[in-house]
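For reference, the structure is listed below as structure tokens.
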Amino acid sequence: MTRASLSLVALFAVCVALSISAWATPQPDRMTVDNFPNPADYETGSRDWFKAVEALKYRPLLSDSLTQNCPHSFDVLHYNIALFIDFITESIDGYTIVASEAKEADLSSIDLDFTILTVDSVVGETGALGYLHSDPVLTIDLSRTYAVGDTFEVQVYYHGQPGNEGPAGFGGFYFEGLPVKAFQMGVGLDADPSSMGKYWFPCWDWPCDKATAEYHITVAGTIKKAICNGILVDTVIDTVANTATYVWEANYPIAPHVMTVNAGRFTELVDSTYDWIYYWVNLRDVEDALIHFGNCDIMMEGFLARYGPYPFDKFGYCMEAKGDMEHQTCVTHVNTVLQPNHIYDWLLAHEMAHMWWGDCVSVGDWRDVWLSEGFATYSEAIYQEHAGGPTAYHNYIQQNIMNPVLNSGENFPIYDPNYLWGTTTYEKGACVLHMLRHVIGDSTFFDALAAYRAAYEYGSAVTPQFQAEVEAVSGQDLDWFFTKWIYEAGYPEYQYSWLADSTPGGYDLNLVIDQIQTGGTIFTMPVEVLVTMASGDSLLTLLVDEDHEVFDLVMEDEPTAVEIDPDNWILNTSEEVPHAGVRDLSVAAELSLGQNRPNPFGRATAIRYEVPRSQHVRLEIYNAAGRKIVGLVDQYRPAGPAEVVWDGRDAMGRDVAPGTYFCRLATEDGCLVKRVTLVK
Ligand SMILES: [Zn+2]
């Protein structure tokens, strides 16, 4: 109440001072996007429409603009935002107090991020301060120096029509919808870097500097309300001015890009299970909302069970016209998806999970955005698992998370991605968590998430910090996992073949697994192999870490089918191909290398050899000096006789000089050599 009253005095002083001046020139749309996905498509509730919208977000990233920007010369402790929202002129007017702690000696000026709006004045403890607003940077002369650890405040007065990404864009401050709302979307499709906090208040607009916040949002009349992050602590009705001011406090550290205000006409619904979950909907949608949001308590129950206590003091969804965004404790949820059914439960779950991942633990660097989006996407499956059990979980992973990756055509690493909001950071990031769960086991996986949260809650983290927490909890060095999956592109494309032989003790299963993906990354993974036998199935786990692996497995019964990764624990493709040959133990009793025929030879000669069991075989030609001329065989071969022809050329296809050469057969069972004579 005290702070609200103080704020209003200053706020209206500014309003009066500016009321006679014309508003700043309207800002042009900052981005125009053609071919916006057909809104009718979202009727299906599939991810496709949202992926199409996300496609609009695709843009090249400038790595040099993504430097972490933390720590910097000061640390923001608290934002106090006091604004009058004018729906008639579509403008805002007020001030923001930025309270900070100096992190550098002799700090005499600071830079804040702030764009489009007009700065009227800046005030500090010594009175008016000098400033230079070179959009998007507001440089403030503190008019004195501060020592490391000193705290100080600057109060920036400003006004104007806030900017956004345009009608088809996503981020920024909008006046839009029916009924019209004024609302802030904190992340841009086209903004680089992505944070758009600077579009409505001066801030250090990087997710790694979080602060507490309070809001004093004033609207004309008493019909419209203003909803912000945190909890509503006061509502001040001014009957003389005919305004209402809503005072919200975000008492948990918050990053500028998840700070929001939503002003307009709302009907407030409260969850019947959790009385701190709110749904702010349009009056016309109340009936539909009761169904649409009907499973949110189950989602919350699932996430509480998996991720631990809810990190904040309130949660809610607030309807507006633009899109879904995980503003802390106050998700903006787009009008068009509010339907009297549950086809968008995945979206509700995704945004709710962001409260733990992306908001409570923020990404310290936009290059690590998978720590937010991959986690939230994975949480969609966690909700499915909670509501429908393991089968629902696995089905969701396969159909809604893995298949989009396999069909995306994207081929770049998760870290520092070519596109920030693509399938790679969302669905492939989710796959990484799914696979990590497989690698370290269920309980260790969730213990690791808890440790990661405990270490970085209300702060921010980057990928090496997440890896370190997982390694500490699991006791495993996981470089082999993170290096390939986070910092390199692609996924394993397995090609496998198998052959079973009867042996006195049962069956000998020869299984060959190749990784045939291009691009150079060979993945190391524990691969589950399901062997089907008349007496029952056997699920084996084999470590596959090379491009060509051969396993000789002893089975009790005759295998009739072999399947790679039957439960989809690995993001991969797999294809079964015929085995290289039929193995006939009666033919080859021992290793042999026959004399080549003809010998001596002029144009070509045939070389026969036999191996007693299936194995990897190399057959190479050396010259008299012991130098390898050409390799004729380098592959897995079945047991039995084989023949290969040498045409008297080297590895480059050139004719070699007449003379004496040596044919060398190298196998796991030994090595044999024969002399070969070439004449011309
Ligand atoms: Zn998300």
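Of all residues in the range 221-234, those that are buried (at least 20 other Cβ atoms within 10 Å of the Cβ) and in a strand (DSSP E or B) total 3.
Condition check ((1) more than 54 Å from the chain's Cα centre (by Cα); (2) within 21 Å of Val512 (Cα to Cα); (3) not polar (S, T, N, Q)) across all residues:
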{"position": "Arg597", "(1), (2), (3)": "yes, no, yes"}
{"position": "Val630", "(1), (2), (3)": "no, no, yes"}
{"position": "Arg649", "(1), (2), (3)": "no, no, yes"}
{"position": "Ala666", "(1), (2), (3)": "no, yes, yes"}
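Quick check: anything in the range 260-267 surrounded by fewer than 20 Cβ atoms within 10 Å (Cβ to Cβ) and on the phi < 0 side of the Ramachandran plot?
yes
In the range 349-369, the residues that are touching a residue at least 12 places away in the same chain (Cβ under 8 Å) and closer than 14 Å to Gly429 by Cβ reach residues that are acidic (Asp, Glu) and within 9 Å of the ligand (Cβ to nearest atom) with C-beta atoms within less than 8 angstrom, at least six apart or across chains, in these pairs: His350/Asp324; His354/Glu326; Gly358/Glu326; Gly358/Glu373.
Of the residues Gly177, Gly160, which is farther than 30 Å from Ala105 by Cα and touching an Asp or Glu at 6+ places or on another chain (Cβ under 7 Å)? It would help to see each step written out before you state the result.
On the way: Gly160 fails: touching an Asp or Glu at 6+ places or on another chain (Cβ under 7 Å).
From the options Gly177, Gly160, the qualifying one is Gly177.
Taking only pairs six or more apart or across chains, which ones have beta-carbon atoms under 9 Å, a first residue in the range 313-329 that is within 18 Å of Arg265 (Cα to Cα) and aromatic (Phe, Trp, Tyr), and a second residue that is in a strand (DSSP E or B) and more than 16 Å from the ligand (Cβ to nearest atom)? Going by the 9 Å Cβ cut-off, the qualifying pairs are Tyr317/Ile277; Tyr317/Tyr278; Tyr317/Tyr279; Tyr317/Trp280; Tyr317/Val281. In the range 300-314 there is no residue matching the filter, namely being within 16 Å of the ligand (Cβ to nearest atom) and modelled with pLDDT under 95.
Mind listing whichever residues of the range 174-194 are in a strand (DSSP E or B) and surrounded by fewer than 23 Cβ atoms within 10 Å (Cβ to Cβ)? If the condition is that a residue be in a strand (DSSP E or B) and surrounded by fewer than 23 Cβ atoms within 10 Å (Cβ to Cβ), then Phe175, Glu176 are the ones that fit.
Of the numbered criteria (1) closer than 21 Å to Phe266 by Cα; (2) modelled with pLDDT under 95, the one Ala168 fails is (1).
Every condition in (1) of a type in the set (A, V, I, L, M); (2) closer than 30 Å to Leu553 by Cβ; (3) at pLDDT below 90; (4) in a loop (DSSP other than H, G, I, E, B) holds for Leu571 except the one numbered (3).
Between Arg637, Arg618, Arg654, Arg649, which is among the charged types (D, E, K, R) and at pLDDT below 85? Steps first, answer last, please.
Details: Arg618 fails: at pLDDT below 85; Arg654 fails: at pLDDT below 85; Arg649 fails: at pLDDT below 85.
Arg637 is the lone residue from the list that is among the charged types (D, E, K, R) and at pLDDT below 85.
Counting only helices (runs of 4 or more DSSP H) that sit completely within the range 344-439, those holding 2 or more residues that are aliphatic (A, V, I, L, M) and within 16 Å of the ligand (Cβ to nearest atom) correspond to 345-353, 370-396.
Applying the set (1) in a strand (DSSP E or B); (2) within 15 Å of the ligand (Cβ to nearest atom) to Met319 leaves exactly one unmet item: (2). Kindly provide the set of residues from the range 548-567 that are of a type in the set (Val, Ile, Thr) and either loosely packed, with under 15 Cβ neighbours inside 10 Å or under 11 Å from Thr503 (Cβ atoms) (or both), ordered by number. Those that are of a type in the set (Val, Ile, Thr) and either loosely packed, with under 15 Cβ neighbours inside 10 Å or under 11 Å from Thr503 (Cβ atoms) (or both): Val554, Thr560. For the range 322-339, residues that are away from the ligand (no atom under 13 Å from the Cβ), within 18 Å of Pro253 (Cα to Cα) and of a type in the set (A, V, I, L, M) total 0.
Here is a yes/no grid of residues against (1) modelled with pLDDT of 95 or more; (2) in a strand (DSSP E or B); (3) under 31 Å from the mean Cα position of the chain (by Cα); (4) surrounded by fewer than 19 Cβ atoms within 10 Å (Cβ to Cβ):
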{"residue": "Phe201", "(1), (2), (3), (4)": "yes, no, yes, no"}
{"residue": "Val219", "(1), (2), (3), (4)": "yes, yes, no, no"}
{"residue": "Ile237", "(1), (2), (3), (4)": "yes, yes, no, yes"}
{"residue": "Tyr246", "(1), (2), (3), (4)": "yes, yes, no, no"}
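For Leu509, the test of being surrounded by 15 or more Cβ atoms within 10 Å (Cβ to Cβ), closer than 30 Å to Asp557 by Cα, in contact with a Leu (Cβ under 9 Å, 6 or more places away or on another chain) and touching a residue at least 40 places away in the same chain (Cβ under 8 Å) is passed.
Whenever a residue of the range 648-663 is within 19 Å of Gly626 (Cβ to Cβ), its partners that are surrounded by 16 or more Cβ atoms within 10 Å (Cβ to Cβ) and among the small types (Gly, Ala, Ser), lying with C-beta atoms within less than 8 angstrom and at least six residues away or across chains, give the pairs Val656/Gly648.
Here are Phe87, Phe50: which of them is at pLDDT 95 or above and within 30 Å of His292 (Cβ to Cβ)?
Phe87
Listed here are the residues, each with its yes/no results for (1) crowded, with 24+ Cβ neighbours inside 10 Å; (2) of a type outside the set (A, V, I, L, M); (3) over 29 Å from Tyr252 (Cα atoms).
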site	(1), (2), (3)
Asn341	no, yes, yes
Leu348	no, no, no
Glu385	no, yes, yes
Gln398	no, yes, yes
Pro404	no, yes, yes
Asn407	no, yes, yes
Phe412	no, yes, yes
Ile440	no, no, yes
Phe445	no, yes, no
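Look at the range 76-93: where a residue is touching a residue at least 40 places away in the same chain (Cβ under 8 Å) and at positive phi and a partner is crowded, with 24+ Cβ neighbours inside 10 Å and small (Gly, Ala, Ser), sitting 6+ places away or on another chain with Cβ atoms under 8 Å, you get Glu90/Ala182.
Only one of (1) under 21 Å from the mean Cα position of the chain (by Cα); (2) modelled with pLDDT of 95 or more; (3) surrounded by fewer than 24 Cβ atoms within 10 Å (Cβ to Cβ) fails for His327. Which number is that? Unmet condition: (3).
Checked against (1) closer than 23 Å to Val334 by Cβ; (2) in a strand (DSSP E or B), Asp297 meets all criteria but (2). Quick one: in the range 330-343, of everything that is in contact (Cβ under 8 Å) with a residue 24 or more places away in the chain and either part of a strand (DSSP E or B) or touching a Pro at 6+ places or on another chain (Cβ under 7 Å) (or both), which residue is farthest from Asn229 (Cα to Cα)? Among them, the one singled out is Thr336.
Yes/no matrix, rows are residues, columns are (1) in the same structural domain as Tyr661 (by TED's automatic domain parsing); (2) part of a strand (DSSP E or B); (3) more than 26 Å from Tyr378 (Cα to Cα):
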| site | (1), (2), (3) |
| --- | --- |
| Thr532 | no, yes, yes |
| Ser538 | no, yes, yes |
| Glu546 | no, no, yes |
| Asp567 | no, no, no |
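The values are calculated or read from the model by the stated rules, or taken from the named source; none is laboratory data. Computed from a predicted model, the values in this text were never measured in an experiment. All Cβ positions, glycine included, derive from the backbone under ideal geometry; neighbour counts span all protein chains shown.
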